[in-house]
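Note sheet for the following structure.
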Amino acid sequence: MYHYSDFDEAFVRTRVDQFRDQVARRIDGSLTEDEFKPLRLMNGLYLQLHAYMLRVAIPYGTLNSRQMRQLALIAARWDKGYGHFTTRQNIQFNWPKLADVPDILDALADVDMHAIQTSGNTIRNVTADHFAGAAADEIADPRPFAELLRQWSTDHPEFQFLPRKFKIAITGAAADRAVIAAHDIGLQVIERDGALGFRVLVGGGLGRTPMIGKVVHDFLPQSDLLPYIEAIVSVWNLLGRRDNKYKARIKITVHEHGIDEIARLAEQRFSEIRPGFSGVDQQVLRDIEAQFAAPDFETKPMDCFHAAYDADPVFRSWVDINVSAHKRDDHAIVSISLKKPGATPGDATAAQMDVMAALAEGFGHDELRISHEQNVILPHVARADLPAIHAALKDADLASANIGLISDIIACPGMDYCALATARSIPVAQEIATRFEELKLEHEVGPLKIKISGCINACGHHHVGHIGILGLDRAGVENYQITLGGDGTEDAVIGTRAGPGFAYDEIVPAIERLIQAYLGLREDASETFLQTYRRTGIAPFKAALYPEKENARAA
Amino acid sequence: MSREYTPKVITANHLMLGDAIWLTEDDTWSRDIARAELLTDEAHADMRMLFAKGQPQIAVGPYLAEAEQGALGPVPVHLREVFRTRGPSNRDHGKQVDGAI
Ligand code: SF4
């Protein structure tokens, strides 16, 4: 895992000192809010509906136990005892007081963390596959590249006033767990003739105008990564629409100019700046890579794992659902669900964070990951230790066996916290999860991704949910639009709007009708919701959603 | 003749705590919307906004929000404003437990 160099440390500390001074000057009146706002946003501090909110970056979703414990400490000491993990692999604290924020940032710096560039029109936290370095299907660990990008983009002088925010995601596997096609730049590590390189997508994004990224380079040699990304951002920095913030993202630039023209301009800019990259970046990369070396895995006897698996159905179900294949057969990747039915998706209490930190330390080579699906991952555990891990998770109320199932819902903060929201999303997620828990249908339904956003900005990724829910405000009343058939994987698809929206108290019954329709339509239990949808098309699902219309037509 | 003015209150976030506050008739800020001044005249509302904007050490981002006269004082109209008077619905935090002091 990466540890701050003296340079990183000094940079982050200086930033904290500057911000401490800026906060003091805001409080004593020497800075106006107009002057202060861009400064606080540069340090991840938002003002939301009920309080300030501090968004802390978890670069490429990777944490060690010390960092997780520090997040717990911050939650307990300066917040209300919990934190909210987001779809951007960040953690948000919902209740910090202005005067405490410099101390919180210092506490983060103590463990190599910061909130820099988690807001504003800059290059944001680079996100990555949460199974990176552990997945059985991986070509290379993408995190060293992500860390290189973090270092390059942090305070990059050319990119502090971009037309809009800019998000990069990277995966090292063919199975895309990082939704790279929905990012401004998506990178997939690939191998060609024994050499590593990248497939580069550009112009993806959700929000008001959802787009799937297009391939701008099908094999970018590894050593060209920084100059090529810099070329793309630089081309967009000039072309991007600063006149209209809804048209400022690179997806619109790509759409307006065409991918071929963007590729041509990027090549041109690349050839200008490439000579400036003397190879220092590749040396830095090698140093970073050394810090991401795989842990020393231990072989342990598996008897107690097999015994527990055979004897305990609760453990067995958790293993079958929450545990994924590791690159070593005797190891596993554990997904800890932060989606207990009825709980707030992505929230963890300070005590739960401490438990997860202890598990990482005791059983997981000190590594934790935050997934964009708002769960926590132990990427490297011996299968032999799974019974002990499961027991500890049960005690901490973290043992829900529902990863990838109907109650594993992504939900953005929505109207309960977010100043931009048009409707609530958290209670909708809570009610759907609780309802299917009551119906005992979750396992019958199988793999299903429901994703909920509280406004058009789509932080809840609703466009790529198999079922997407978008909360809107229709004449002062919450109204929920459903999209169907979205997919955030390597076969990324934007979902199709099903029809008119539903009122708050109609949305859970509407989802229930969709699920009942699916259960009736599927060929057998192995056909997933998405597969059925793709086979039948939207019509039968629409009929289930809007039975009155069907009846009217039949009459 | 001017159009009929939809009644409003002036609200903002508190500089130090970040929570919702409302401007009262006696030039103070309250955490209880019921104590807010209900503005029924556009020219007067503009004047009060000028006052609110001159209080940067207390009030961040003041704006006019629609409100109605309720039994105890002004009540919010828009859903978003309703949330600001009480706090999130998923946890007992914010004004619903801290009180609207
Ligand atoms: S989707 Fe909208 S409501 Fe939800 S977190 Fe993003 S901006 Fe806020």
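The values are calculated or read from the model by the stated rules, or taken from the named source; none is laboratory data. Just so it is clear, the structure is predicted and the values come from calculations on it, not from any experiment. We place every Cβ from the backbone using ideal geometry, glycine too, and count neighbours over all the protein chains shown. Just the protein is used for accessible areas: all its heavy atoms, side chains included, with ligands, DNA and RNA removed. Shrake-Rupley method; radii C 1.70, N 1.55, O 1.52, S 1.80 Å.
Some notes on this structure:
- From the list A:411, A:384, A:433, the one residue that fits, being open to solvent by less than 30 Å² (accessible area, probe 1.4 Å), touching a Gly at 6+ places or on another chain (Cβ under 7 Å) and away from the ligand (no atom under 16 Å from the Cβ), is A:433.
- Any hit, the range A:179-196, residues being closer than 20 Å to residue A:368 by Cα, aliphatic (A, V, I, L, M) and either open to solvent by 10 Å² or more (accessible area, probe 1.4 Å) or touching a strand residue (DSSP E or B) at 6+ places or on another chain (Cβ under 8 Å) (or both): yes
- Given (1) within 20 Å of residue B:88 (Cα to Cα); (2) touching a strand residue (DSSP E or B) at 6+ places or on another chain (Cβ under 7 Å); (3) within 16 Å of the ligand (Cβ to nearest atom), number of the condition residue A:503 does not satisfy: (3)
- Applying the criterion of being over 19 Å from residue A:474 (Cα atoms) and in contact with a helix residue (DSSP H, G or I) (Cβ under 6 Å, 6 or more places away or on another chain) to the residues of the range A:499-513, the residue that is surrounded by the fewest Cβ atoms within 10 Å (Cβ to Cβ) is A:513.
- Filtered by the rule that a residue be open to solvent by 20 Å² or more (accessible area, probe 1.4 Å), farther than 17 Å from residue A:545 by Cα and away from the ligand (no atom under 12 Å from the Cβ), the range A:457-490 gives A:474, A:475, A:476, A:477, A:489, A:490.
- Verdict on residue A:405 being in contact with a Gly (Cβ under 9 Å, 6 or more places away or on another chain) and either within 16 Å of the ligand (Cβ to nearest atom) or within 14 Å of chain B (Cβ to nearest Cβ) (or both): no
- Checklist (1) open to solvent by less than 30 Å² (accessible area, probe 1.4 Å); (2) touching a strand residue (DSSP E or B) at 6+ places or on another chain (Cβ under 6 Å); (3) not aromatic (Phe, Trp, Tyr) applied to residue A:422, failing item: (1)
- Filter result (open to solvent by less than 10 Å² (accessible area, probe 1.4 Å) and closer than 17 Å to residue A:346 by Cβ) within the range A:387-400: A:393, A:398
- Answer from A:532, A:496 - the residue that is in contact with a Leu (Cβ under 7 Å, 6 or more places away or on another chain) and open to solvent by 50 Å² or more (accessible area, probe 1.4 Å): A:496
- Some residue of the range A:416-424 being modelled with pLDDT of 95 or more and more than 14 Å from the ligand (Cβ to nearest atom): no
- In the range A:234-245, the residues that are without any contact (Cβ under 8 Å) to a residue 60 or more places away in the chain form Cβ pairs under 8 Å with partners that are β-branched (Val, Ile, Thr), at six or more places apart or across chains, as follows: A:235/A:262; A:239/A:253.
- Any hit, the range A:436-450, residues being out of contact with any Ser or Thr (no Cβ under 6 Å at 6 or more places or on another chain), open to solvent by 10 Å² or more (accessible area, probe 1.4 Å), in the same structural domain as residue A:504 (by TED's automatic domain parsing) and within 16 Å of the ligand (Cβ to nearest atom): no
- Taking helices (runs of 4 or more DSSP H) as the structural unit, those lying wholly within the range B:37-101 and holding at least 3 residues that are more than 23 Å from residue A:424 (Cα to Cα) correspond to B:42-53.
- Condition met for residue A:111 (β-branched (Val, Ile, Thr), within 13 Å of chain B (Cβ to nearest Cβ) and farther than 17 Å from residue A:414 by Cβ): no
- Look at (1) among the β-branched types (Val, Ile, Thr); (2) open to solvent by 10 Å² or more (accessible area, probe 1.4 Å); (3) out of contact with any helix residue (DSSP H, G or I) (no Cβ under 7 Å at 6 or more places or on another chain); (4) within 30 Å of residue A:303 (Cβ to Cβ) and you find that residue A:403 fails only one, number (3).
- Close pairs from the range A:212-224: first buried (at least 18 other Cβ atoms within 10 Å of the Cβ), partner assigned to a loop (DSSP other than H, G, I, E, B) and of a type in the set (Val, Ile, Thr), Cβ under 9 Å, at least 6 apart: A:212/A:494
- Pairing residues of the range A:413-427 that are in the same structural domain as residue A:90 (by TED's automatic domain parsing) with residues that are near the ligand (Cβ under 7 Å from one of its atoms) and open to solvent by less than 10 Å² (accessible area, probe 1.4 Å), at Cβ distances under 6 Å and at least 6 apart in sequence or on separate chains, gives no pairs at all.
- Qualifying position, being within 13 Å of another protein chain (Cβ to nearest Cβ) and surrounded by 21 or more Cβ atoms within 10 Å (Cβ to Cβ), among B:11, B:6: B:11
- Residue in the range A:254-277 that is open to solvent by 30 Å² or more (accessible area, probe 1.4 Å) and touching a strand residue (DSSP E or B) at 6+ places or on another chain (Cβ under 8 Å) present: yes
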